[in-house]
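The values are calculated or read from the model by the stated rules, or taken from the named source; none is laboratory data. Bear in mind the structure is a predicted one, so any value in this text is a computation, not a measurement. So basically every Cβ, Gly included, is an ideal-geometry build from the backbone, and we count neighbours across all protein chains shown.
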Amino acid sequence: MSATEPSPIPTDALAPTATTTNAPAPDTTLAVNAACEVSGGGDFGLLGAGGWEGRDPQAHPDLNLAVRGYRIVDAFRGLVDYDGETDGNAPQLWGLFADRRTADISHTYQVFDWDWGSNSRADLIEDFEVTMTGYRVNDGETIFTPDFGHEIGEGYVALVLYADAHRVTLKYTGEDNVIDGYTLHLEGLCVYSNLLNLYNTRHSEGRGALPALRPGQPIGYMPGEELGVAIRDRGAFLDPRSRKDWWQGR
């Protein structure tokens with residue numbers, strides 16, 4: 001899918017100003033502050049990763065989407081058709097749901113850009129009309145790992161680059177950054193405690209290996225009725241409504 005190429009991330013940039021992890025984003029109905037019951041979630045594997053910049057992930061605008069934030073916009077709440085080539089290895093968002101449905105869109109959003117020079121939030125990204133969607137879900141519904149057509153190693157398809165109680169960032173390559181390949185941000189869920197604890201442990205131990213997920217593996221459950229989803233390729237935020245990319249055959 002074509003998009004404006006993102007500006008390179010300067011390697012000598014200062015760490016961004018810390019943002020409260022679970023602060024609600026402007027103008028959103030996502031349950032980013034909901035109470036989450038302690039819950040397991042099964043066993044999660046590890047896969048070696050390199051490329052971490054050394055910044056605190058909680059304050060990193062490429063790893064923790066709450067640092068950038070997002071805002072509801074009035075746009076078409078359905079799948080849209082774009083011209084261009086189709087990538088058969090793109091993550092398929094119907095894999096988020098047990099019934100593999102084409103989810104109804106509750107709200108459309110735009111994510112804020114980031115000014116790397118001043119390390120501060122910039123204007124809304126307008127490369128696409130929509131850069132995040134809120135999908136209608138059932139309270140308590142389990143959310144799963146979408147597949148993308150091949151493995152990144154040992155049967156795994158995604159690494160966990162960031163997790164807190166209400167959000168997770170998945171990377172569909174083996175690098176600990178968003179520079180190459182697909183990145184998936186999920187907002188407003190309750191991340192399973194086994195996964196969150198493993199991520200926190202691996203981060204505290206230097207991130208040499210990160211939690212790794214198999215296709216269809218449960219990630220967490222919904223404490224509300226809307227799941228926020230943003231997807232990126234080579235760092236650029238794209239339109240999650242694109243039929244040819246993330247909803248092929250729908």
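Summary table below
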quantity	calculated
Pairs with Cβ under 7 Å, 6+ apart, first in region 57-71 and closer than 10 Å to F112 by Cβ, second in a helix (DSSP H, G or I) and among the aliphatic types (A, V, I, L, M)	P61/V67; V67/A59
Strands (runs of 3 or more DSSP E) completely within region 125-187 that count 1 or more residues being surrounded by 20 or more Cβ atoms within 10 Å (Cβ to Cβ) and basic (K, R)	167-171
Odd one out for G206 among (1) buried (at least 24 other Cβ atoms within 10 Å of the Cβ); (2) without any contact (Cβ under 8 Å) to a residue 60 or more places away in the chain	(1)
The listed residue being touching a residue at least 60 places away in the same chain (Cβ under 8 Å) and more than 22 Å from S39 (Cβ to Cβ), out of Y182, Y221	Y182
Residue in region 141-150 that is of a type in the set (G, A, S) and farther than 17 Å from P218 by Cβ present	yes
Boolean, S204 is among the polar types (S, T, N, Q), closer than 23 Å to L30 by Cβ and more than 12 Å from the chain's Cα centre (by Cα)	no
Subset of region 116-150 that is among the aromatic types (F, W, Y) and modelled with pLDDT of 95 or more - its residue that is farthest from G228 (Cα to Cα)	W116
Condition check for E5: modelled with pLDDT under 95, surrounded by fewer than 15 Cβ atoms within 10 Å (Cβ to Cβ) and not in a helix (DSSP H, G or I)	yes
Scan of region 188-198 for residues that are of a type outside the set (A, V, I, L, M) and either in contact (Cβ under 8 Å) with a residue 60 or more places away in the chain or crowded, with 23+ Cβ neighbours inside 10 Å (or both), ordered by number	G188, C190, Y192, S193, N194
Residues that are within 28 Å of H150 (Cα to Cα), of a type in the set (D, E, K, R) and either touching a Lys or Arg at 6+ places or on another chain (Cβ under 9 Å) or crowded, with 16+ Cβ neighbours inside 10 Å (or both), drawn from region 56-115	D62, D81, D83, E85, D87, D104
Qualifying positions in region 226-250 - over 22 Å from G153 (Cα atoms) and surrounded by fewer than 18 Cβ atoms within 10 Å (Cβ to Cβ)	R243, Q248, G249, R250
Residue within region 158-172 that is of a type in the set (V, I, T) and over 11 Å from the mean Cα position of the chain (by Cα) present	no
Qualifying positions in region 209-225 - surrounded by fewer than 23 Cβ atoms within 10 Å (Cβ to Cβ) and in contact with a Phe, Trp or Tyr (Cβ under 7 Å, 6 or more places away or on another chain)	R214, G216, Q217, P218
